[in-house]
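Quick notes on the structure that follows.
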There are 2 protein chains.
Amino acid sequence: MDARDVVMRHWAAANARDWDAFAALLADDMLYEVPQTGERVRGAAGYLDFFRTWPGDWQAEPVRVVAQSDAVVVVVDFRTPEGVETGIGIFAVADGRITRVTDYWPAPYDPPPRLSAFVERT
Amino acid sequence: MDARDVVMRHWAAANARDWDAFAALLADDMLYEVPQTGERVRGAAGYLDFFRTWPGDWQAEPVRVVAQSDAVVVVVDFRTPEGVETGIGIFAVADGRITRVTDYWPAPYDPPPRLSAFVERT
């Protein structure tokens, strides 16, 4: 199972709330971190608990994947009844297991003034 | 020149303000987009102008790279006299040129309440 497969299974298991399959993809000493908040979870048991206790009804749909042999970036549409947020996860993978997840949640913001006349708004 | 090399040269040329080298890496019909703001720049000339007119003194230091044959994700520390921001660029590359850049700027935020006791703050 290559790194991309591992991370695709991670999201499939999470969406299915199949926690046995989810746990099987994690290195025991894995690290989860959110640089924007300084949050961190150490260890597979903690990461599993973090996911299991995520409140509400949610589904994470991978919309873009870039993968090399030992790392995978996934952009997800994180869907809840309240709407859709964008998440970007950078996964390090070794020996078929996830060893590190760095998670970003880029929220909408008002664009700054731009000096270039080429910048459009969609 | 593989996709990773193209994107590394993109940042090196940008940091050096070597706009000829920079332009040589761009597909004429490239697209730049910032999903968080809805900003968009169409075409290599526009993207070049967008970079040339970026105000102030800045350097973008790649701190993490994940690359496959046709796409590269780069996390940069974008350094200005005011401090450091994190940028995440997803680059599509074809025939040695950049065809699309999707840019994210995930800013710090206060973490939400968490139900898991395993979540620490650094």
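The values are calculated or read from the model by the stated rules, or taken from the named source; none is laboratory data. Just so you know, these numbers come straight off a predicted model, no measurement behind them. All Cβ positions, glycine included, derive from the backbone under ideal geometry; neighbour counts span all protein chains shown. Side chains included, ligands, DNA and RNA excluded: accessible areas come from the protein's heavy atoms. Shrake-Rupley method; radii C 1.70, N 1.55, O 1.52, S 1.80 Å.
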Here the residues within the range B:95-109 that are among the aromatic types (F, W, Y) and open to solvent by 30 Å² or more (accessible area, probe 1.4 Å) are B:W105, B:Y109
Log entry, pairs with first residue in the range B:74-94 being within 10 Å of chain A (Cβ to nearest Cβ) and free of Cβ contacts under 8 Å to residues at least 24 places away in the same chain, second being open to solvent by less than 50 Å² (accessible area, probe 1.4 Å) and of a type in the set (G, A, S), beta carbons closer than 9 Å, six or more apart or on different chains, reads B:V75/B:G87; B:V75/B:G89; B:I90/B:A71; B:A92/B:A3; B:A92/B:A71
Scanning the range A:95-106 for residues that are in a loop (DSSP other than H, G, I, E, B) and within 7 Å of another protein chain (Cβ to nearest Cβ) gives A:W105, A:P106
By residue number, the members of the range B:60-73 that are more than 10 Å from chain A (Cβ to nearest Cβ) and surrounded by 15 or more Cβ atoms within 10 Å (Cβ to Cβ) are B:A60, B:P62
* Answer yes or no: is there a residue in the range B:27-40 that is at pLDDT 95 or above and in contact with a His (Cβ under 6 Å, 6 or more places away or on another chain). => no
>> Quick check on the range A:64-75. Is at least one of its residues over 30 Å from B:F50 (Cβ atoms), of a type in the set (V, I, T) and under 16 Å from the mean Cα position of the chain (by Cα)?
In response: no
Open item on the list: Given the criteria surrounded by 15 or more Cβ atoms within 10 Å (Cβ to Cβ) and not in a helix (DSSP H, G or I), does B:V7 qualify?
Closed with: no
(1) in contact with a Gly (Cβ under 6 Å, 6 or more places away or on another chain); (2) among the basic types (K, R); (3) surrounded by 14 or more Cβ atoms within 10 Å (Cβ to Cβ) all hold for A:R121 apart from (3)
On the basis of being outside any strand (DSSP E or B) and open to solvent by 40 Å² or more (accessible area, probe 1.4 Å), does A:D20 make the cut?
yes
Of the residues in the range B:26-81, those that are assigned to a strand (DSSP E or B), over 19 Å from B:M1 (Cβ atoms) and among the hydrophobic types (A, V, I, L, M, F, W, C) come to B:L31, B:V34, B:V41, B:A60, B:V63, B:V75, B:V76, B:F78
Determine whether A:A23 is of a type in the set (A, V, I, L, M) and within 10 Å of chain B (Cβ to nearest Cβ).
no
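Quick grid of which residues meet (1) open to solvent by less than 20 Å² (accessible area, probe 1.4 Å); (2) within 12 Å of the chain's Cα centre (by Cα):
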residue: B:V41; (1), (2): yes, no
residue: B:A45; (1), (2): no, no
residue: B:P55; (1), (2): no, no
residue: B:W58; (1), (2): yes, no
residue: B:F78; (1), (2): yes, yes
residue: B:P81; (1), (2): no, no
residue: B:V84; (1), (2): no, no
residue: B:V93; (1), (2): yes, no
residue: B:P111; (1), (2): no, no
